[in-house]
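Notes to accompany the following structure.
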Amino acid sequence: MTYSQNSHPLTLLEWFSTTAPPSHGIPSILLLDGGVSTHLEHLIAPQTFSHRELWSSSLLLTQEGREYIKQGHADWLLAGSDILTTVTYQCHFGLVGTGSNNDDESDIGTIVSKETMSKMIRQGIEIARDAIYQQVASTKSSITRSVGPFVVASTGPYGAAMADGSEYSGNYPLNVTEQALLQFHRQKAAGLWDCHPDGIAVETIPNLLEVGVVCQVLQELKQRKKHQYPCCCWISLACQDGTRLNDGSLLKDALDIIQSMDSNNEFITAIGVNCCDSVHIAPLVKTIAQHIFSCCKRDVAPRGIVVYPNSGESWDAANEEWKEGTGADNAQFADRLIEVVSIIHETWKKRRLEFEGPICAPKILLGGCCRTSQRTIATLRNRIDAMQDQFLVKE
């Protein structure tokens, strides 16, 4: 749902799908939040997340934790975010940390019951909504944008449930079959959808097999529930460099799978990359943009492009801490994301000439992942606002 003061506000799905040229009323770029979990780490310090397997989602287990989450969301709104992502990335049904999909009850340290997890997911989405309502209702609110703010429900890959860093390698155990991946993603995606977020973000997918599985799950979900609620879905990929997913597969192969399974953009609204170093996003986004526009059709909105890299800081495993100053500073980070906007639009303009007719402008989501701060997002907000008018195109 949207919280705009407009008489007929757009849903997030409608924003992605509109074929009208960019205008002052309908921006072509929206801003995501930043490193949600790493910001929460900062807020609760010197405390730590109570359950390593659940990471920041463990805050959903207590009232104090839920208040921290709401404060975190409020911080992103004040920084200028148009979209809040929920603290549900690590909410998984069944055994967490071993790759099992067992739904039996057990100790919270290793397992969360289906009932408890469903409640956590619902609360995660409700907290984000409440944060927006409070900001919009406040006379001190800085929210004056014509589209949004929106709530997008976050869900992670199978590797995140294993709690061993597998999402950063994409190398899943041999016993993790396609059927196991389908079972894993089906239950959570359905649970998120039933809570009626504005969108679902299937994030940090590092594995080519899992890309196909996610496409199948989203297709099934849309077919069953498309008349119940207007919800957009995007897939963001975890990449190790400018051409490959974390498992070593080529980005192009992942894009081909997505296109083959959803050639008419019916259930995958946008695609992109997240939680990679920002030094890699220019070649990654160029490949994505070229692929999207090579498949686009006249008078049909192309898939949106989503880009939210991490800070690029190095992790000191021995001391279990981030090495300050090893990543991009806020200005460098913003420069790199603005560069990819230019890449997307140059690709679009070239395709328009080749197409010999109008094709719709792309919608773009920019933001940050791990270790990107409020200041990072505020810097990006200023840069986006300063350049939105450059991409107002009259057909």
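None of the figures in this text is laboratory data; all of them are computed from the coordinates on show. Note that this is a predicted model, so its numbers are computed, not measured. Neighbour counts are summed over all protein chains in view; Cβ atoms, including those assigned to glycine, are modelled from backbone coordinates with ideal geometry.
Report the extension gain between Ser146 and Asp385 in nm, rounded to one decimal, defined as 0.36 nm multiplied by the number of residues separating them, less their alpha carbon distance.
On the way: separation 239, 0.36 × 239 = 86.04 nm, distance 1.27 nm.
In short, 84.8 nm is gained.
Between Ala190 and Thr243, what is the spin-label point distance in nm, taking each point 7 Å from the Cα along the Cα→C-beta axis?
4.1
Estimate the FRET efficiency between Val279 and Tyr229 by the formula 1/(1 + (r/R0)^6), using the beta-carbon distance for r and 45 Å for R0, to the nearest 0.05.
After rounding to 0.05, the efficiency reads 0.70.
Could you work out which residue, out of Ala74, Ala361, Ala180, moves most in a Gaussian network model of the chain, that is, has the largest mean-square fluctuation with Cα springs under 10 Å?
Looking only at Ala74, Ala361, Ala180, the biggest GNM fluctuation is shown by Ala180.
Just the number, please: percent antiparallel of the DSSP beta bridges in the chain, rounded to the nearest 5. Walk me through the intermediate numbers first.
Details: 7 of 35 bridges.
So the antiparallel bridges in the chain amount to around 20 percent.
For Leu78 paired with Glu64, estimate the spin-label separation in nm (one decimal), with each label point 7 Å from Cα along the Cα-to-Cβ line.
2.2
Please work out the Cα convex hull volume for the range 161-299 and give it in Å³ per residue.
Working: hull volume 16.0 nm³, N = 139.
So the per-residue hull volume is 115 Å³.
Could you put Met120, Met261 in order, starting from the residue whose Cβ has the fewest other Cβ atoms within 10 Å? Walk me through the numbers on the way to the answer.
Details: Met120 22, Met261 17.
In order of increasing Cβ crowding within 10 Å: Met261, Met120.
Would you be so kind as to identify all helices of the chain, as entire DSSP H runs, whose Cα atoms reach 18 Å or more along the helix's own axis and whose mean Kyte-Doolittle hydropathy is at least -1.0? Let's see the in-between values first.
On the way: long enough: 63-79 (24 Å, -0.96); 114-137 (34 Å, -0.40); 178-193 (22 Å, -0.46); 208-225 (26 Å, 0.24); 281-295 (21 Å, 1.11); 330-355 (38 Å, -0.35); 374-387 (20 Å, -0.51).
Helices passing the filter in the chain: 63-79, 114-137, 178-193, 208-225, 281-295, 330-355, 374-387.
Where Lys and Arg each count +1 and Asp and Glu each count -1, what net charge lies around Ile344 among other residues with Cβ under 12 Å from its Cβ? Numbers along the way, then the final one.
Numbers: positive: Lys286, Arg303, Lys349, Lys350, Arg351, Lys363; negative: Glu339, Glu346.
Value of the local net charge: +4.
With the Cα gyration tensor of the chain in hand, convert its eigenvalues to equivalent ellipsoid semi-axes via √(5λ) and list them largest first in whole Å.
Working: eigenvalues 177, 115, 92 Å².
For the chain, the semi-axes come out at 30, 24, 21 Å.
Using just the helices of the chain, give the 222 nm mean residue ellipticity in deg cm²/dmol: DSSP H runs with n ≥ 4 each add -39,500 (n - 2.57), and the total is spread over all residues, rounded to 500. List each step's numbers first, then the result.
Working: 11 runs with 161 residues, N = 395.
Taking each H run of at least 4 residues, the total per residue is -13500 deg cm²/dmol.
Most exposed first by the Cβ proxy, i.e. fewest other Cβ within 10 Å, how do His280, His196, His185 rank? Mind dumping the intermediate values first?
Working: His280 19, His196 15, His185 24.
Fewest to most other Cβ atoms nearby, the residues stand as His196, His280, His185.
Simple spin-label model, 7 Å along Cα-to-Cβ: Gln179 to Glu220 in nm?
1.2
The range 266-329: which trypsin sites (Lys or Arg not before Pro) are DSSP loop and have at most 14 other beta-carbon atoms within 10 angstrom? Provide the component values of the computation, followed by the final result.
On the way: sites: Lys286, Lys297, Arg298, Arg303, Lys323; in loops: Lys297, Arg298, Arg303.
Listed in order of number, the matching sites are Lys297, Arg298.
Please work out the FRET efficiency for the pair Asp299 and Asp329, using the Cβ-Cβ distance as r and a Förster radius of 41 Å; give the result to the nearest 0.05.
Numbers: r = 42 Å, r/R0 = 1.03.
So, using R0 = 41 Å, E works out to roughly 0.45.
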